[in-house]
């Protein structure tokens, strides 16, 4: 697939981007494979405000990838930073989202939403989190993304509150909720979404028996850490992708003596690297 796109870039005479000179059109390429169809969601990131210079390239990609193409998108990014993706996506062709299934729910990924690259291990992490949730619990999840964890464990919960700040992830989450509502209106009714930063959405944790957090590498918002340490739920499940931030957060979470670390499991999410994904369960002391 990558070789096809690369050849299409050459044939369409699209210049490659130079970070030093801030010149050239083709800046980045993002590819996501939908497991069920084995087709590719392709995002071309361009150093221009509009998609017109890429029209011929898009034609060639559609022709040459054929049924291997899931969808095609243009993402403008003219900033002088190392940020990979711009804030908007122009839909050129194909379905609006890549759809993945993690157990009981369809999870929808628009091109701007975060998703794990190793979905097989991510699925094991989700199953592990699900096992930690007592049936009938009131559950809150912070940094919920498109709902890969939350929607996949929703049948365990009597009530589920999901917090997320990214507009692209919220878009995917809402599509997943609409699909769930069409299939099971009762299941949909127990789920609410609280948009915004975790630090500004602390009400999501009110009366929750289980709190889940899957923050970015920098770790938990300080306001959330303070709340959980002072007013802990029965169980707090922390999915961490940053060991240093996890260690610092764990110290703060347990500093008041109201939470204790009950279990810790490491997952080899990125084989052949020194990175592990850590899933910790804290319990009310």
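Would you kindly state how much longer the chain becomes between residue 275 and residue 55 on full extension, computed as 0.36 nm times their sequence separation minus their alpha carbon distance, in nm to one decimal?
75.3 nm
Going by Cα centres, the range 1-75 and the range 250-285 are how many Å apart?
39
Relative contact order for the chain: what percent, with Cα pairs under 8 Å and sequence separation of 6 or more?
11
For a quick check, take a GNM of the chain with Cα springs below 10 Å and name the residue from 246, 267, 236 with the largest mean-square fluctuation.
267
Take the Cα coordinates of the range 2-95, assign each an equal point scatterer, and use the Debye formula without solvent to give log10 I(q)/I(0) at q = 0.11, 0.13, 0.19, 0.22 Å⁻¹.
-0.29, -0.40, -0.85, -1.12
Which of the peptides 97-108, 120-131 is most tightly packed, and how do the rest follow, going by the mean number of other Cβ atoms within 10 Å of each residue?
Details: 97-108: 20.6, 120-131: 17.2.
Taking the mean over residues of other Cβ atoms within 10 Å, the ranking is 97-108, 120-131.
Every number here is computed from the coordinates shown, using simple stated rules; none is lab data. Predicted, not measured: the structure shown is a model, and the values here were computed from it. All Cβ positions, glycine included, derive from the backbone under ideal geometry; neighbour counts span all protein chains shown.
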